[in-house]
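See structure below.
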Amino acid sequence: MPHTTPTPTPGGPSYSQAPEITAGTVSDILVPGETKYYRVNVDWGQRPIAEVEFDKNNTGSYRSGQISIASPRRERTSATAFALLEQDRPHTAQHLDTPRVFYDNRNKNLGLSQASNAGQWHAMVTLDAGYEHRKPNDGTKFRLSTAVDGDKVDGPKWRQTLEPGPAPSAATPSDNNGDGGSSIKASPNHRFLFIGLGLLATALITTGAFYLTTVRRK
């Protein structure tokens, strides 16, 4: 695991707002109950590994830190790693058991099938709320080190998209006819009804004309 001088890098509050980081160490601060999200690019044949070091616990109460890794589909690929934060020293949690990413993993068991998409993986760091989640807290500093293990291999070019879809439009639907009239079109059932009514009207007119002609002749 490469450890470098930590670069202050605020983590995002969600998957979609996670900043992308490269191999190395970043630092930020967590308040109780908070999770920070980061993105790491992982190619076919590789796997992400991560380690987080939390500052010592200065609160005097129980507190733990957690680190998790999720695939581009936002599925956690292995168990969350925990670290019980102690008062006398910093503590470290490692996440090293994510499988290497291969396309064929999707046809294997659950532990491997979640590692079947290359692209932007996520590392999440959480500070347990403990018993002080409603009290003021200056937060706990952490240092997150990440790396990508393994050699790149060939695989599909497609990647899970990160861009959000189009925002809902506030405009009302426009009139497709362009003449201010109703845009509702007759369904096939309505057309058959209109044809039947037309034939019935024609038959009535023909019958009436025949009757009038017969009466006049008499």
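The values are calculated or read from the model by the stated rules, or taken from the named source; none is laboratory data. What you see is a predicted model; the values in this text were computed from it and never measured. Note: ideal-geometry Cβ built from the backbone for every residue, glycine included; neighbour counts use all protein chains shown.
Taken over segment 131-166, residues that are surrounded by 12 or more Cβ atoms within 10 Å (Cβ to Cβ), assigned to a loop (DSSP other than H, G, I, E, B) and modelled with pLDDT of 85 or more amount to 5. Exactly one residue among ARG106, ARG100 is of a type outside the set (A, V, I, L, M), part of a loop (DSSP other than H, G, I, E, B) and either surrounded by fewer than 20 Cβ atoms within 10 Å (Cβ to Cβ) or more than 23 Å from the chain's Cα centre (by Cα) (or both), and that residue is ARG100. Take TYR37 and tell me if it is within 18 Å of VAL125 (Cβ to Cβ) and modelled with pLDDT of 85 or more. Here the answer is yes, as TYR37 does meet what is asked.
Within segment 78-91, the set of residues being buried (at least 16 other Cβ atoms within 10 Å of the Cβ) and in a strand (DSSP E or B) comprises ALA81, ALA83, HIS91. Exactly one residue out of THR25, THR35 is in the same structural domain as ASP138 (by TED's automatic domain parsing), touching a residue at least 12 places away in the same chain (Cβ under 8 Å) and touching a His at 6+ places or on another chain (Cβ under 9 Å): that is THR25. Could you say whether any residue in segment 121-128 is at pLDDT 85 or above, within 16 Å of ARG73 (Cα to Cα) and among the hydroxyl-bearing types (Ser, Thr, Tyr)? Taking every residue of segment 121-128 in turn, none turns out to be at pLDDT 85 or above, within 16 Å of ARG73 (Cα to Cα) and among the hydroxyl-bearing types (Ser, Thr, Tyr).
Given (1) crowded, with 19+ Cβ neighbours inside 10 Å; (2) under 23 Å from the mean Cα position of the chain (by Cα), where does GLU75 come up short, assuming only one miss? Here GLU75 meets the rest and fails (1).
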